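J.: Just passing along the structure, written as structure tokens.
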Amino acid sequence: MSALFTCEEPSTWRSVYEKYWAVVEAKAKTKKPGKLLKLDKWYQEEMPALISSRSDKHINLSELVKLMEWKLARGKFRPRLQQLVASNSEDTVEKCSSKAFSLLPDVQAAISELSLLKGVGPATASAILAAGAPELTAFMSDEAMESVPGLKPIQYTAKHYALYLDRMAAQSAKLNKVDPQQDWTPHRLELCLWAMTTDAKQQLQILNEVSAKGSNKQQKTSAPDSDQRPAKKLKTS
């Protein structure tokens, strides 16, 4: 699963990114029909627009409840969390999320602030921040974290999130150095890693061609020249 994360070819990443919605749609068919696709469209498109339209960035209680519904539909289902987030007051959610966004670019301080809300830990807090500041943050999804070398076993802590985000930010910066479009963000990388992992786990076979291309590129880069080093090639084969 970590093959994509270590890939430094922007074209490979973009091929995965372009298939993101196809993977979401295919996964949605394995669960309640249409629910995941509808929630993901809301989270990826509508929610960021709502947050950015406000004079002070924040979310309200109904948005927090819907975000939790999206999070559980996209990953592991934990019904107790829905009850907990719904028990927060409207005023508390708005004030807490507003303060969290004002603390950026100090992501760890923002995560700590949001974690004061009932039912909100580092993973849910990262989802809130990624919706309003995708250039600085990435959702702490299981699928993305297990794709980053050195992060297993996964821990749902602020410290583990900091390690994950550092790696995601560094990788997006690497891609932007060699990609003329320079549109890579930690959030966008998470979408790619989620899609690649989900495609493999669900055996959707949507990204098989992308995986094969990436593998072939790495082999061409790392394989020794057969004319120059035949002895080593014979030994390894």
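J.: Please identify the longest segment of the chain free of exposed trypsin sites (Lys or Arg not before Pro), where exposed means a DSSP state other than H, G, I, E or B and no more than 16 other Cβ atoms within 10 Å.
T.: Values: sites that count: Lys29, Lys31, Arg54, Lys76, Lys118.
Result for the longest clean stretch: 119-237.
J.: Tell me the relative contact order for the chain as a rounded percent, counting alpha carbon contacts under 8 Å between residues six or more apart. Walk me through the intermediate numbers first.
T.: Working: 287 pairs, mean separation 56.5, N = 237.
So the answer I get is 24 percent.
J.: Between the helical axis of 208-222 and the dominant principal axis of the chain, each derived from Cα atoms, what acute angle in degrees is found, rounded to the nearest 10?
T.: So the helix axis and the longest Cα principal axis differ by about 50 degrees.
J.: At a 10 Å Cβ-Cβ cut-off, how would you order Phe77, Phe139, fewest neighbours first? Walk me through the intermediate numbers first.
T.: Values: Phe77 11, Phe139 27.
By the 10 Å Cβ count, ascending: Phe77, Phe139.
J.: Could you tell me which of the pairs Lys71/Lys118; Lys38/Lys66; Lys29/Lys118; Lys35/Lys76 are separated by over 21 angstrom between their Cα atoms in the structure shown?
T.: Numbers: Lys71/Lys118 16 Å; Lys38/Lys66 11 Å; Lys29/Lys118 31 Å; Lys35/Lys76 15 Å.
Cα-Cα > 21 Å for Lys29/Lys118; rest within.
J.: Taking the radius of gyration and the Kirkwood hydrodynamic radius from Cα positions alone, what is the Rg/Rh ratio for the chain, to two decimal places?
T.: On the way: Rg = 19.6 Å, Rh = 18.9 Å.
That ratio equals 1.03.
J.: If you build a Gaussian network model of the chain, linking Cα atoms that sit under 10 Å apart, which residue out of Pro153, Pro134, Pro122 swings the most?
T.: Answer for the Gaussian network model of the chain: Pro153.
J.: Based on alpha-carbon centroids, what's the gap between the range 164-188 and the range 1-76 in Å, whole number please?
T.: Comparing the Cα centres of the range 164-188 and the range 1-76, I get a distance of 18 Å.
J.: With label points built 7 Å along Cα→Cβ from the Cα atoms of Ser112 and Ser62, find their separation and express it in nm.
T.: Computed distance between label sites Ser112 and Ser62 equals 3.4 nm.
J.: Per DSSP H run of n ≥ 4, the term is -39500 (n - 2.57); total these for the chain, divide by its residue number, and report the mean residue ellipticity at 222 nm rounded to 500 deg cm²/dmol. Could you put the intermediate results ahead of the total?
T.: Values: 14 runs with 148 residues, N = 237.
The per-residue figure over the chain is -18500 deg cm²/dmol.
J.: With everything on Cα atoms, drop me the angle between helix 122-132 and the longest principal axis of the chain, reported from 0 to 90° to the nearest 10.
T.: Roughly 90 degrees, rounded to the nearest 10.
J.: Could you list Ile51, Ile111, Ile128 in order of exposure, starting from the residue whose Cβ has the fewest other Cβ atoms within 10 Å? Provide the component values of the computation, followed by the final result.
T.: Details: Ile51 19, Ile111 26, Ile128 29.
Ranked by crowding around the Cβ, least crowded first: Ile51, Ile111, Ile128.
J.: Treat the count of other C-beta atoms within 10 Å as a stand-in for reagent exposure and order Asp142, Asp40, Asp91 from fewest to most. Display every interim value, and only then the final one.
T.: Details: Asp142 15, Asp40 20, Asp91 10.
Going from least to most buried by this count: Asp91, Asp142, Asp40.
Read-outs: derived from the displayed coordinates by stated rules, not from any lab. It should be emphasised that the depicted structure is a prediction, and the values quoted were computed from it without experimental measurement. Note that each Cβ is placed from the backbone with ideal geometry, even for glycine, and that neighbours are counted across all protein chains shown.
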